[in-house]
1. Inspect all residues belonging to region 198-215 and state whether any of them is open to solvent by less than 50 Å² (accessible area, probe 1.4 Å), of a type in the set (Gly, Ala, Ser) and over 20 Å from ALA149 (Cβ atoms).
2. Of the residues GLY132, GLY146, which is modelled with pLDDT under 95, over 24 Å from ASP98 (Cβ atoms) and open to solvent by less than 40 Å² (accessible area, probe 1.4 Å)?
3. Failed condition for ALA243, given (1) at pLDDT 95 or above; (2) within 16 Å of ARG304 (Cα to Cα), with all others met?
4. Limited to region 109-124, what total is found for residues that are within 16 Å of ASN220 (Cα to Cα) and either of a type in the set (Lys, Arg) or open to solvent by 10 Å² or more (accessible area, probe 1.4 Å) (or both)?
5. Of all strands (runs of 3 or more DSSP E) completely enclosed by region 230-324, which ones contain at least 2 residues that are touching a Leu at 6+ places or on another chain (Cβ under 9 Å), in contact (Cβ under 8 Å) with a residue 12 or more places away in the chain and surrounded by 15 or more Cβ atoms within 10 Å (Cβ to Cβ)?
6. If you take the residues of region 1-26 that are in contact with a helix residue (DSSP H, G or I) (Cβ under 8 Å, 6 or more places away or on another chain) and of a type in the set (Gly, Ala, Ser), which of them is nearest to GLU89 (Cα to Cα)?
7. Quick one: in region 274-324, of everything that is touching a Lys or Arg at 6+ places or on another chain (Cβ under 7 Å) and within 12 Å of PHE250 (Cβ to Cβ), which residue is modelled with the highest pLDDT?
8. Return a yes/no flag: does region 178-194 have any residue that is part of a strand (DSSP E or B), open to solvent by 80 Å² or more (accessible area, probe 1.4 Å) and either closer than 29 Å to PRO259 by Cβ or modelled with pLDDT under 95 (or both).
Amino acid sequence: MEEILSFARGLADSPAFRGRMLFSEDLAPRTTMKVGGKASALAIPEDMQSAAYAACSARRAGLPLFVLGGGSNIVVSDGGLDALVISLERLDGISFADGLLTVGAGAKFDDIIEFCAKNCLNGLSSFAGLPGTAGGAAYMNARCYGVSAGDLIDSVCYVDLDEIKEEKHFADDFALANLAKVYHNKKGEWAYKKSPFQSFCSLILSVTFCVEALERSAGNEDLIRSEAAGFVEDRRSKGHFRAPSAGSVFKNDRSFGKPSGQLIDEAGLKGLSVGGAQIAPWHGNFIINKGSATAGDIKALVDRAREAVRGMTGFSLETEIIFV
């Protein structure tokens, strides 16, 4: 831990880093599941340059690194993370030009949808109510109501952290322009809950979506708001917002023919609790925090569900949530 702390102090003092540095910071409030321990050091870069500098510096120093977006698809260890955690919450800019909507990796979908409504931009409404960020959606190829992020993405600005050489420090004139790359969408490289960015260590900085610019009018703004509100209400009716959770626990395997939630229901596990965690009584593919859940409780429920479904069907469920 001391190596992480020493590095983080030096990073915070560097003129190449703009932002905040927090130590022994609780991570549970920064996740939708509301569990987990502390981060040894949490960097909150003010801009893309600083985010890249922090990630590349940690990578070059050979230190453990974790990039935190909206915290909506993860379960943080009860022991916390002895790593430099980089929160992208300040990378939340949103702009539109020539049919393309470019958003910072840390932009939340609530804000993205609001921008689209105000500017009469159509195409992203199915992501309304998704408790995540643009960067996380690109990384996980998030799928909402039959539409995947990869279907809508035009390009992604990122840094390939696997290419960072094993050197100890950057000069203070570090330039993002020397490292930033732009990925142009190749549809064949995306699959169900899979993106090209899962195959290597990357720092996603911004995502550009293709959208349809409608005529600016109160009617079209109302149309987009109404459509988005419909998706939010559908999520609410399915219990997405009743209790803290990390969203769908298991991926659906279309080749098997039944959704994971249905398999868990048929195994008689809906409502099963371990400690403060529970398989939601209203949805077999949600694990909720009843108020005192630990990461260990959640992992135990994941294992119970996987074992029960395997014993019943021979099929092995694959987790969508990530334990870190």
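The values are calculated or read from the model by the stated rules, or taken from the named source; none is laboratory data. This is a predicted model, so every value here is computed, not measured. Don't worry about glycine lacking a Cβ; one is built from the backbone with ideal geometry, like all the others, and counts go over all protein chains shown. When the accessible area is computed, the model is the full protein with side chains, heavy atoms only, and any ligands, DNA or RNA have been set aside. Shrake-Rupley method; radii C 1.70, N 1.55, O 1.52, S 1.80 Å.
1. no
2. From the options GLY132, GLY146, the qualifying one is GLY132.
3. (2)
4. Keep residues of region 109-124 that are within 16 Å of ASN220 (Cα to Cα), which gives 113-124.
Applying the additional criterion that residues be either of a type in the set (Lys, Arg) or open to solvent by 10 Å² or more (accessible area, probe 1.4 Å) (or both) yields 113-115, 118-119, 122-123.
Total satisfying the criteria: 7.
5. The qualifying strands (runs of 3 or more DSSP E) are 277-279.
6. GLY19
7. Among them, the one singled out is ILE279.
8. yes
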